[in-house]
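Asker: Below is a structure I'd like to ask you about.
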Amino acid sequence: MNLLFLKAARLGIVLSVCAAFQANGQIGCQGTPSGPVVCNDPVPIVNLSGAWAATGEVWNVSASGGSAFGTVSVQNPAAPFSCPTIVYSVSGTLSPSFQTDNLPGFVNFSWNASNPNPAGACANFTPAPSMNYTGTVANKSNDRATGNWSRPLPGGGTLTGTFTLNKNPRDIPTNEITNAVGFSSGLLETVAQFRQQLVAGSGSSDIFKGRQVTETTGTGPNFDNCRVEGVTSVPRYAINNARWNVGYYGGLENWWVDDYIGWNTTQVNYYRTVLTPQSFPCGAQLPQAMVIAVDGSFGSTTQYKAHPIIVQLTMTTVSSTRDGVTQAKPWP
Amino acid sequence: MNRGQVVLQWTLLIFSGLASSALLAQKQAIVNVTEHRPLWPALDQMEQAFGSAVNYEDVPYEHPDDLEAVTDPRVRAYIGGRPSRVPRKGTLVVAFDDSTSEPARVTHLNSLLAAYRQAGLPGDFRVEIANGMLYVVGTKVKGADGRLRDLISPMSIRVDVTFGRRTVIETVALIAEAVSKAGGVRVLVGQVPFAPEVVSFEARRETARDAIARLFREAHPERQTSYRMLFDTLVSSYMLNLNALPPNVPSTDSSVRVPPDQPNGVSKWLNPVQR
C-alpha cells in the first residue's frame with residue numbers, strides 16, 4: 001500500500017485529476033467575480049496576409065504590423081466582350097483589437113484600391129478610379145471579412161454597399177511542433193505539460209494568432225490498461241475535446257499553451273494502491289487529432305495533425321508522450 | 001467487464017405527421033450492459049444520446065449481498081487488510097429514444113431505474129431535476145444488518161467554500177473536502193477536465209450538488225458538464241469524476257452573402273461610359 005495515499009486518505013480526502021488529463025485550454029475564458037462569462041477567444045488577429053476573395057475579385061494583400069499593401073484583381077464583368085482583368089493597387093491599415101479576457105478578439109481593417117490598370121474604357125464601361133473596403137475579421141478562423149465598401153461616383157456623391165470576403169486558400173498549419181515544458185506542480189506534479197508551435201507554409205510567425213484549435217479523438221490504437229473495467233472507479237483515459245486559443249501570450253503568436261498529459265499524483269497513488277505490482281508498467285494510448293477553426297467564427301473545423309498520446313506508469317516512474325516527445329521522471 | 005459491451009443499437013422510428021403528412025424521425029437506442037455498476041455506463045450512453053447532462057450519485061455498498069470478490073488478477077486480493085470486493089454485477093436492458101423534452105428524458109431514466117430494481121441490483125435510486133440538469137441519486141442501500149436503509153447523498157450536504165480565485169480542480173477539491181468533513185465519508189476527486197483554469201468562487205451553506213453545478217457554469221458556460229459520484233469499494237471512498245460533454249456542433253456561419261452589385265446590375269467596380 002502506498003504510504004502517501006494512506007497519509008492523504010487519513011486526512012479524509014484524496015485529490016486526483018483526470019485519467020485523461022486533457023485540460024480544456026480555453027485561456028481567456030476564466031470566470032470572473034461577477035459571475036458566469038461567455039467563453040470567447042480574446043486573442044486579436046494581427047496578420048491578414050493572403051488572398052481574400054469574393055465573386056469576381058481577389059485581394060492579394062500583405063497585411064501585418066498595422067499596414068496593408070498589395071493588389072486587387074477584378075474580373076471585368078463586361079463580358080462577353082473579353083475585357084481584361086483590372087488590377088488595382090491596394091494600401092491600407094489594420095487595427096487589432098485590444099486583448100481582453102472574455103471579450104472576442106478581432107481586427108478592423110481599411111483597404112483602399114486605386115490606380116486601376118487598365119484604366120480605359122472597355123465595352124462601354126470604365127473602372128471605378130478607387131474603392132474603399134472597411135471591415136472586420138473575427139478571430140477563431142480568421143478567414144472571413146465583412147464590412148462596407150464605398151467609392152466615388154463620377155458626377156459626385158458616393159456609392160456604398162456591403163461585402164464579404166473569404167480567405168482562399170485558408171491558412172492551415174503544415175505542421176505542429178510539440179515542445180516539452182516539464183512537469184507541473186502540486187497535485188499535477190505527475191502531469192507533463194506540452195507547448196505547441198503551429199508551422200505556416202508561408203513561414204509567417206504570426207499568421208495563426210487568433211485562431212482556435214481543438215483536440216478530437218482520431219483513429220488508431222486506443223486503450224487504457226491501467227483501468228480495470230467495472231472495478232476501478234476512474235473513467236477510461238479519453239480525449240476531452242479541449243480547445244486552445246492560439247497566440248494568447250505575446251511573443252508566442254503561433255503557439256498554443258499547454259496540453260497537460262498524465263495522471264495526477266493521487267491517481268498515480270490510487271493505481272499503485274489498487275493494482276498488483278505485476279500490473280506495472282501500465283498505461284494508456286489515445287489517437288489525438290488536432291483540428292483548427294475555419295469558415296468564420298462559428299463555422300467548422302479542419303484537421304491539421306494527428307498523433308498518439310501515451311501515458312505510462314510504473315511503481316516508481318511516470319511518463320507522458322505527445323507526438324513522439326516524451327517526458328518522464330521518477331515519482332515520488 | 002468491458003464497457004464496450006454496452007450495445008447501442010439505433011433503429012429508426014417513423015412517426016407520421018397529421019395535417020402535413022410530414023415525417024419526423026426519432027432515434028431509438030437500446031442500452032444492454034452487464035457491469036458491476038451498470039447504471040454508470042447506462043447513464044453515459046443515455047447522456048450522450050440526450051446531448052444534455054445526467055449526473056449520477058452512487059450508493060455506498062456495504063452488505064455482502066451487494067458485493068462480490070474481484071476476480072481480475074491485476075487487482076490486489078487485499079487492500080488495506082480487507083479483501084477486495086466490488087459491487088455485484090448485473091445486467092440492464094432498456095430501450096429509450098433521443099427525446100429532447102425533459103419529461104420524456106425523466107421517463108426514460110425512470111424506466112432505467114425500474115429495470116434496475118427488476119434485476120434486483122444493489123441499492124435504490126431516484127431521478128431529480130435541479131440546476132437545469134438531471135440527477136440519478138442513490139436513496140437506499142442494504143445496511144450491515146441486512147435491511148434497506150435510507151440514504152442522504154453526500155452531494156446534498158451543505159458546504160462552505162471561502163471566496164478565492166483558484167483553479168477549478170482546487171475548488172472541486174475544497175468542495176469535496178467540505179463534504180468529506182461534514183458527511184463522514186471520503187470523497188476523492190477524480191477526473192476534472194478543467195484543471196488549469198482559474199475561477200473566482202465561494203459557497204455559503206450551499207449543497208455540494210448546487211455548488212458543483214454553479215462551478216461548472218462559471219468554468220465553462222459554453223459546455224455542459226456532468227459528474228459521476230462513484231462509490232469505490234476498494235478504497236471505501238467516493239470518487240467524484242467530472243465529465244465535459246462534447247461541445248455543441250456550431251451551426252454554419254450564415255454571414256456568407258453574395259456581394260451586391262449596383263442597383264442597375266452593373267458591377268460596383270465599373271462606371272458606365274458617359275456619351
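The values are calculated or read from the model by the stated rules, or taken from the named source; none is laboratory data. None of these values were measured; they are calculated from a predicted model. Because the Cβ atoms are built from the backbone with ideal geometry, glycine has one as well, and the counts that use them run over all protein chains shown. Accessible surface areas use protein heavy atoms only, side chains included; no ligands, DNA or RNA. Shrake-Rupley method; radii C 1.70, N 1.55, O 1.52, S 1.80 Å.
Asker: Relative to the Cα centre, what is the charge dipole magnitude of chain A, using +1 at the beta carbon of each Lys and Arg, -1 at the beta carbon of each Asp and Glu, and rounding to the nearest 20 debye?
Answerer: For chain A, the charge dipole is close to 400 debye.
Asker: Explain nothing, just the number: dipole magnitude of the stretch B:76-117 about its Cα centre with +1 on each Lys and Arg Cβ and -1 on each Asp and Glu Cβ, in debye rounded to the nearest 20.
Answerer: That gives the stretch B:76-117 a dipole magnitude of about 600 debye.
Asker: Mind ranking B:228-236, B:163-171, A:89-97 by how tightly packed they are, going by the mean number of other C-beta atoms within 10 angstrom, highest first?
Answerer: Working: B:228-236: 23.0, B:163-171: 19.9, A:89-97: 18.2.
With the highest mean Cβ count within 10 Å placed first, the list reads B:228-236, B:163-171, A:89-97.
Asker: From Cα pairs below 8 angstrom and at least 6 apart in sequence, can you work out the relative contact order of the stretch B:91-204, rounded to a whole percent?
Answerer: 18 percent
Asker: Multiply the residue separation of B:Y78 and B:E222 by 0.36 nm, subtract the distance between their alpha-carbon atoms, and state the gained length in nm to one decimal.
Answerer: Details: separation 144, 0.36 × 144 = 51.84 nm, distance 4.38 nm.
Going from the current span to full extension adds 47.5 nm.
Asker: Using 18 Å as the cut-off for backbone N distance, which residues of the stretch A:106-127 belong to the label zone defined by a point 7 Å from the Cα of A:S150 along Cα→Cβ?
Answerer: The answer is A:108-114, whose backbone nitrogens lie closer than 18 Å to the label point.
Asker: Would you calculate the convex hull of the Cα atoms in the stretch A:245-332 and tell me its volume per residue in Å³?
Answerer: 138 Å³
Asker: Only Cα pairs under 8 Å and at least 6 apart count here; give the relative contact order of the stretch A:33-174 as a rounded whole percent.
Answerer: The value is 21 percent.
Asker: How large a share of the accessible area of the stretch A:78-178, in percent, is made up of carbon and sulfur atoms when the probe is 1.4 Å and the other protein chains stay in place?
Answerer: Accessible surface attributable to carbon and sulfur in the stretch A:78-178 totals 55 percent.
Asker: On to the next question. Dividing the alpha-carbon Rg of the stretch A:101-249 by 2.2 N^0.38 Å yields what?
Answerer: 1.68
Asker: Would you tell me the mean number of C-beta atoms belonging to other protein chains that fall within 10 Å of each C-beta in A:210-219, as a whole number?
Answerer: So the per-residue partner count for this stretch is 0.
Asker: What average number of partner chain Cβ atoms lie no more than 10 Å from the Cβ of the residues making up A:292-301?
Answerer: 3
Asker: Oh, and also: Separation of the stretch B:111-167 and the stretch A:183-216 by C-alpha centroid, Å?
Answerer: For the stretch B:111-167 versus the stretch A:183-216, the Cα centre distance is 40 Å.
Asker: If you don't mind, another one. I need the peptides A:104-110, B:119-125 ranked by packing, meaning the mean over residues of other C-beta atoms within 10 angstrom, with the highest value on top.
Answerer: Numbers: A:104-110: 20.7, B:119-125: 18.4.
Most protected by this proxy first, the peptides run A:104-110, B:119-125.
Asker: Okay, moving on. Contact order normalised by length for chain A, with contacts defined as Cα pairs under 8 Å and 6 or more residues apart; what percent is it?
Answerer: So the answer I get is 19 percent.
Asker: Further question: State, in square angstrom and to the nearest 100, the accessible area buried between chains A and B, both chains counted, probe radius 1.4 Å.
Answerer: Buried area between the two chains comes out at roughly 6300 Å².
Asker: Helix A:265-274: angle to the longest alpha-carbon principal axis of chain A, degrees 0 to 90, nearest 10?
Answerer: Approximately 40 degrees, to the nearest 10.
Asker: If we restrict to alpha carbons, what Rg and Dmax does the stretch A:205-245 come to, in Å?
Answerer: When restricted to the Cα atoms of the stretch A:205-245, Rg and Dmax are 15.7, 49 Å.
Asker: Taking 50 Å² as the minimum loss, tell me which residues in the stretch B:65-84 lose that much accessible area going from the chain by itself to the full protein complex (1.4 Å probe).
Answerer: Residues shielded by partner chains are B:R74, B:R76.
Asker: On to the next question. Taking only Cα atoms of the stretch B:176-239, what ratio of Rg to Rh do you get with Rh as the Kirkwood inverse-distance radius?
Answerer: Over the Cα atoms of the stretch B:176-239, Rg/Rh equals 0.97.
Asker: Continuing with the same structure: Taking every alpha carbon pair in the stretch B:43-106, what does the distance histogram look like in 10 angstrom bins from 0, in percent?
Answerer: Going out from 0 Å in 10 Å bins, the stretch B:43-106 shows 16, 33, 25, 20, 5 percent.
Asker: Using label points projected 7 Å from each Cα along Cα→Cβ, tell me how many nm separate A:F298 and B:T162, to one decimal.
Answerer: Result for the modelled spin labels: 4.2 nm.
Asker: Can you tell me the FRET efficiency between A:T55 and A:N179 if r is taken as the Cβ-Cβ distance and R0 is 30 Å, rounded to the nearest 0.05? All intermediate terms of the calculation are to be shown ahead of the outcome.
Answerer: On the way: r = 42 Å, r/R0 = 1.42.
That gives a FRET efficiency of 0.10.
Asker: Given R₀ = 60 Å, what would the calculated FRET efficiency be for B:K140 paired with A:T160, taking r from the Cβ atoms and rounding to 0.05?
Answerer: 0.25
Asker: Let me ask something else. I'd like the distance between the alpha-carbon centres of the stretch A:98-155 and the stretch B:199-241, rounded to an integer number of Å.
Answerer: Here the two parts' Cα centres lie 49 Å apart.
Asker: Related question: I'd like to know which of B:L240, B:G123, B:Q224 lies farthest towards the positive end of the charge dipole of the stretch B:119-251, counting +1 on Cβ of Lys and Arg and -1 on Cβ of Asp and Glu.
Answerer: Comparing the listed Cα positions along the dipole, B:G123 ranks first.
Asker: A further question follows. Could you state the principal axis extents of the C-alpha atoms in the stretch A:144-189, from the largest down, to the nearest angstrom?
Answerer: Sorted from largest, the Cα extents of the stretch A:144-189 read 72, 26, 11 Å.
Asker: Find how much the distance from B:V185 to B:A95 grows on full extension, using 0.36 nm per residue of separation minus their present alpha carbon separation; answer in nm with one decimal.
Answerer: Extra length from B:V185 to B:A95 when fully extended: 28.9 nm.
Asker: Please work out the average accessible area per residue across the stretch A:229-277, using the 1.4 Å probe convention, and give it in Å².
Answerer: Values: 950 Å² over 49 residues.
Here the per-residue accessible area is 19 Å².
Asker: If amide H atoms are built 1.01 Å from N in the plane of the peptide, which residues on other chains or at least 5 residues away come under 5 Å of the amide H of A:S95?
Answerer: Sorted by chain and number, the residues that satisfy this are A:N108, A:F109.
Asker: Also, I was wondering about something else. For A:234-244, what's the mean count of beta carbons from other chains sitting within 10 Å of each residue's beta carbon?
Answerer: On the way: counts 7, 11, 3, 1, 3, 1, 7, 6, 5, 3, 0.
Per residue, the average neighbour count from other chains is 4.
Asker: Could you give the size of the charge dipole of the stretch B:46-171 about its Cα centre, using +1 on the Cβ of each K and R and -1 on the Cβ of each D and E, expressed in debye and rounded to the nearest 20?
Answerer: With only Lys, Arg, Asp and Glu charged at Cβ, the dipole is about 400 debye.
Asker: While we're looking at this one, here's another question. For the pair A:T217/A:S202, report the inter-label distance in nm, with labels modelled 7 Å from Cα in the Cβ direction.
Answerer: Label-label distance for A:T217 and A:S202, simple model: 3.7 nm.
Asker: To two decimal places, what compactness ratio does the stretch B:81-200 give when its Cα radius of gyration is scaled by 2.2 N^0.38 Å?
Answerer: 1.31
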